[in-house]
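Notes follow once the structure below has been shown.
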Protein chains: 2
Amino acid sequence: MELKLRSQERPTTDTARQYQTNALGITQANIKSRARATAFDQWMVRKMLSAIGDPAICIVLWDGTELTTSSAPTSVLTIHDRQALLMLLLDPEYYFGDLYSSGRVEVLGDSTEFLETVYLAIQKCASKSGWHKLMAWRHHPRTNTLRGSHGNVTHHYDLSNDFYKLWLDNEVMQYTCAYFPQEDLSLEQAQLAKLHHVCRKLQLKPGDTVVEAGCGWGGLARFMAKHYGAKVKAYNISHEQLVFARSKALEQGLADQVEYLEDDYRNMQGTYDVFVSVGMLEHVGVQHFRRLGDVVDRVLKDDGRGLVHSIGRNSPGLMNSWIEKRIFPGAYPPSLQEMMDIFEPHDFSVQDVENLRLHYSKTLEYWLENFEKHSDSIRYQFDEAFVRAWRLYLAGSIAAFNTGELQLFQVVFNRALSNDLPWSRSHLYQ
Amino acid sequence: MELKLRSQERPTTDTARQYQTNALGITQANIKSRARATAFDQWMVRKMLSAIGDPAICIVLWDGTELTTSSAPTSVLTIHDRQALLMLLLDPEYYFGDLYSSGRVEVLGDSTEFLETVYLAIQKCASKSGWHKLMAWRHHPRTNTLRGSHGNVTHHYDLSNDFYKLWLDNEVMQYTCAYFPQEDLSLEQAQLAKLHHVCRKLQLKPGDTVVEAGCGWGGLARFMAKHYGAKVKAYNISHEQLVFARSKALEQGLADQVEYLEDDYRNMQGTYDVFVSVGMLEHVGVQHFRRLGDVVDRVLKDDGRGLVHSIGRNSPGLMNSWIEKRIFPGAYPPSLQEMMDIFEPHDFSVQDVENLRLHYSKTLEYWLENFEKHSDSIRYQFDEAFVRAWRLYLAGSIAAFNTGELQLFQVVFNRALSNDLPWSRSHLYQ
C-alpha cells in the first residue's frame, strides 16, 4: 500500500471563515484532542463505515488508533478530534466537506481515489435509496427565484475572474464539461471541440440568431459569432463574468455580433433561430423547468433548434449537500425524466441526447491539476481552508462522474412541426 | 388543384367484417342515402371541420353538396350517407377508420396528403390539448397483462406471414423503422443499415450473449449471430412469427447461435451482455414499464449494454383510437419522460437517444408502395375492407410521422457503474 500525504502543513483554521463549520460551536481548544479513543469512539467509527457501505478505507483516530473493514484499504482518513467524528456520524455528506476544509479530517493519499472508494461503497450498499432519501430529507437546495438566483450565482461566479483564469482553459474560458473525441486532447483542444460539437448539433449557419441562457464568460457566444457567423444575445446574472465577456468581445472585434445582457433567463425578449444553454440548468431548479420551457417556447422561431447541456443524474437525487451549501448554492442536477418537464409541455421534439459523463471527469482532472499548480497563489489570495474546500469540490466531482453518481447530458430539440432534420448525425463526426 | 382517385371501384361492404363498423347498427339500406343534404347536415360538417382546426380540405356530401373552409383545398373527402357524417361528428378519430374501410367515406386524391393536412390542422388548432384529453377519456387501450398481451399480439402478428412478405423488405423482414443515413437507399439497404446501427450502438462483438424482447420474424437475432458472432436468445409470443424465424435460422445454419423462445418478455431467464428490444415497447403499455425495467435489471450483466427502439411521442397521448382498436390492440407510444420509468428506478444510465421520426415516414412510404403493388392479391386473400383499412393505417402512419404526431426513439443505456464507454459516437459513422 503506497500512500502519499498531499498536504504536509496543517491549515490555520482561524482564517478558514466561509469554509469552516461552526454549526456545533466547536472552538479551537476542542481541536486536536489528546484524549484516548474509547471503545465508544471505535463503535462510532464502525457505525459510520457501515452506514456508507464499508468502503475499503482505513480510519486513523486522534490517538493513532487504526480501524478498517478491509484487509487492503486504498486510502487513509485521519480524524483529528472526537467532535469531528461525532459530526461525521451525524451527517457525513455535509460535515465531511467542512471538516476537510478546516483540516480536522485529512486524507492520506489521493483524495479522488479516496472519494471514489467511498462513493462506490455507498452506491453498492443496499441502503442506497434510503441514504438518498435521508439526505433529501435533511437538505433542501436553496430556491432559485429571481432574487434567490442572483444571490446563488453571485456566491460562486463573482468570486474573482482571476481565480478562474488560473485553472480553466486559456482559449475560451469554459467552466463546463469539455469534449474529448480523442482521449489525448489538451484541455484547450477539448473545450474548442466541445464548442464545435454544440454548434454542429445545432446546425449553426451564418446569419442565424442565437439566444443563450447563462453564458458564463461569454466564450460560446463569441465562438459562435467568430466561427459560424451567428448573431448572439447572451444572458447572465453574474456581473463579474459579463465585464470580462464584454471586454473580450470588444478586443476580438465581435461587439456588433454579440450582445451580453445582465439579466435573468426569465426576462429574455425577442425570437431566435437557436436557443442554447450550456451549464445553466443545474442552477435553475426542477420546480422552474416548466417556466424555462415557457421561455424557450416564447423565444424560439417555428423552425428553431435548441440545445441544453447540463449535469444530471440517472434518477432523481440531490446534489451533495456540502457542495450545494458551500460551493454551488441552489444547484440541482436533474434526471432525464425531470428534464423532460422543459420539453414535453410545449411539444418540443427531442432529437438527440448524448451522455458525456466521463468527459467531465477528464475535464475536472485537468482543472484539479491546474488548481494544484497554482495552489500557493490561491492560498495567498484566499486562505488554506479555501484551497482545501475547492480541492475537495474538484476531486469529489471527479469521483462523482467516474462512479456514475453524476451524468452530463446534451439534449438537442426542435419544434414538433419542423422537418428540417439531418438524415444522420454523421456531420458531427467529419 | 390536381386530384387523383386512388380506388375507383366501390367496396363490397358485406365482406368487410372486422374492419366495418356496426357500432350504430347501420344496415346496408342506410348507405348511399339519396336524401338531399339539409342546412343541418351542412352545419354538422362545419362543426366537424371546426373541431379539427379547419383543415384545407373539401367535403362532398352524398347529394354532391361541396363544403370547404379553404379557397384552395388540397384534398376532397366524400361522405356517402348522413349516418356516416353523424358518426364523424361524434368521434372523428375512431369512426373515420371504419367508415373509410367500408367505403362510406372516400378520399379523392392522395390519402397520405389528406391525412397530413388534417393532422397539421389538429396540431395547430388551439384546442389540441383538449382534443387529446377528449380522446384519452373516450379510448383506453387494452391492457397488456400476460394473457392480454397474447391476444393483442396474435391479432396483428399472426395475421399471415405471407401477407407481411408481400410488402416488407425481402432481406431481413423487418416490421420496424429502417435507417436511411443516405436518403436514396432502398428499403432492403435501409433495413440492413438499421440492424448495423443497432449493433454498433450496442458495441456488439463476437461471443457476446444477447437477449431480445419481441423479435418479430427473428431478423435482428440472425443478423447479430451472422455478422457480429453473437449468441442470441430471442423472445416472442407470436407463434406464426417464430415458426418462420426458426426455419430461417436452420436454413442459414445459425440454429446453434440463435434460440427462439415462444414466451413473454416477463419470463426471461439467464444473464446476458446485451439486452435489445426493437419495436416491442409500443405493445408493453406504460403501466408495465417498471416491470420491464425489473426484467432488464434481472437479465443484464454488470457491464451489460442495452437498446430500446420504440415509437414514441413528444408528450403523453394515446395511439390513434381506430388503429389501437382495429390494427394494434393495446398499443401505446410513450413519451421520453414515460420511457424513463424503465431506466431510472434501476439507476440505468442513458447514454444516447436518437430520434428517427422521418426515417419511419420513409420506411412506411416503401411499405405502402409495396402494399399497393400487391393490393389485388391481398384483396383476394382478405377483402376490400381489409385492403382499405391497411391502406389507411399505412398512410395515416406516414402522416403521423411526417407531422410530428409520432416519434421514433432509439435509447442506448448501461449500468451506472460501467465505465466501458466509447469516447465518441464516431464509430457509428465509419
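For the reader, a short list of remarks on this structure follows.
- For the range A:263-275, filtered to residues that are in contact with a helix residue (DSSP H, G or I) (Cβ under 7 Å, 6 or more places away or on another chain) and hydrophobic (A, V, I, L, M, F, W, C), the residue that is surrounded by the fewest Cβ atoms within 10 Å (Cβ to Cβ) is A:M268.
- Among residues that are in a helix (DSSP H, G or I), under 23 Å from B:D376 (Cα atoms) and modelled with pLDDT under 90, B:D98 is not included.
- Residue check, A:R290 touching a helix residue (DSSP H, G or I) at 6+ places or on another chain (Cβ under 6 Å) and either surrounded by fewer than 23 Cβ atoms within 10 Å (Cβ to Cβ) or not assigned by TED's automatic domain parsing to the domain that holds A:L159 (or both): yes
- Spans of strands (runs of 3 or more DSSP E) in the range B:210-279 with at least 1 residues of a type in the set (G, A, S) and within 17 Å of B:K194 (Cα to Cα): B:272-278
- Residue count for the range A:49-66, restricted to those that are of a type outside the set (G, A, S), in contact (Cβ under 8 Å) with a residue 12 or more places away in the chain and surrounded by fewer than 18 Cβ atoms within 10 Å (Cβ to Cβ): 3.
- Subset of the range B:168-181 (residues that are modelled with pLDDT of 95 or more and among the polar types (S, T, N, Q)): B:Q174, B:T176
- Pairs, first more than 13 Å from every other protein chain (Cβ to nearest Cβ) in the range B:175-193, second in a loop (DSSP other than H, G, I, E, B) and surrounded by fewer than 18 Cβ atoms within 10 Å (Cβ to Cβ), C-beta under 7 Å, six or more apart: B:E188/B:N170; B:E188/B:E171; B:Q191/B:E171; B:L192/B:E171
- Filtered by the rule that a residue be more than 14 Å from A:H309 (Cα to Cα) and touching a residue at least 60 places away in the same chain (Cβ under 8 Å), the range A:201-224 gives A:Q203, A:L204, A:D208, A:T209, A:V210, A:V211.
- Within the option set B:G330, B:G396, being outside the structural domain of B:S111 (by TED's automatic domain parsing), under 13 Å from the mean Cα position of the chain (by Cα) and within 30 Å of B:R298 (Cβ to Cβ) holds for one residue only, B:G330.
- Between A:S70, A:S75, A:S111, the distinction of being closer than 26 Å to A:A400 by Cβ, touching a Phe, Trp or Tyr at 6+ places or on another chain (Cβ under 8 Å) and small (G, A, S) belongs to A:S75 only.
- Selection status of B:V295, in contact with a helix residue (DSSP H, G or I) (Cβ under 9 Å, 6 or more places away or on another chain), within 30 Å of B:R357 (Cβ to Cβ) and modelled with pLDDT under 95: no
Residue-by-condition table, conditions (1) surrounded by 20 or more Cβ atoms within 10 Å (Cβ to Cβ); (2) closer than 22 Å to B:S186 by Cβ:
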{"site": "B:D297", "(1), (2)": "no, no"}
{"site": "B:G304", "(1), (2)": "yes, no"}
{"site": "B:M319", "(1), (2)": "yes, no"}
{"site": "B:S335", "(1), (2)": "yes, no"}
{"site": "B:V350", "(1), (2)": "yes, no"}
{"site": "B:K362", "(1), (2)": "yes, yes"}
{"site": "B:D383", "(1), (2)": "yes, no"}
{"site": "B:A389", "(1), (2)": "yes, no"}
{"site": "B:G396", "(1), (2)": "yes, no"}
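- Yes/no for A:G396 being over 23 Å from B:H197 (Cα atoms), small (G, A, S) and away from chain B (no Cβ under 14 Å): yes
- Candidate set from the range B:401-418 (those that are facing another protein chain (nearest Cβ under 9 Å) and among the polar types (S, T, N, Q)); member that is nearest to B:Y332 (Cα to Cα): B:Q407
- Count of the range A:304-330 residues which are in contact (Cβ under 8 Å) with a residue 60 or more places away in the chain, in contact with an Asp or Glu (Cβ under 6 Å, 6 or more places away or on another chain) and within 13 Å of chain B (Cβ to nearest Cβ): 1
- Within the range A:337-347, considering residues that are more than 7 Å from every other protein chain (Cβ to nearest Cβ) and of a type in the set (D, E), the one surrounded by the most Cβ atoms within 10 Å (Cβ to Cβ): A:E338
- Residue pairs meeting the criteria (Cβ under 6 Å; at least 6 apart or on separate chains; first facing chain A (nearest Cβ under 7 Å) and more than 19 Å from B:Y393 (Cβ to Cβ), in the range B:348-361; second part of a strand (DSSP E or B) and of a type in the set (V, I, T)): B:Q351/B:V412; B:D352/B:V412; B:V353/A:V353; B:V353/B:V411
- Qualifying residue in the range B:157-167 (condition: more than 18 Å from the chain's Cα centre (by Cα) and modelled with pLDDT of 75 or more): yes
- Qualifying positions in the range A:396-430 - touching a Leu at 6+ places or on another chain (Cβ under 6 Å) and either farther than 27 Å from B:P181 by Cα or in a helix (DSSP H, G or I) (or both): A:G396, A:S397, A:I398, A:A399, A:A400, A:T403, A:G404
- A:F371 vs. criteria crowded, with 21+ Cβ neighbours inside 10 Å and away from chain B (no Cβ under 14 Å): yes
The values are calculated or read from the model by the stated rules, or taken from the named source; none is laboratory data. Note that the structure is a prediction, hence the values are computed from the model and not measured. Glycine gets a Cβ as well: all are built from the backbone with ideal geometry, and neighbour counts include every protein chain shown.
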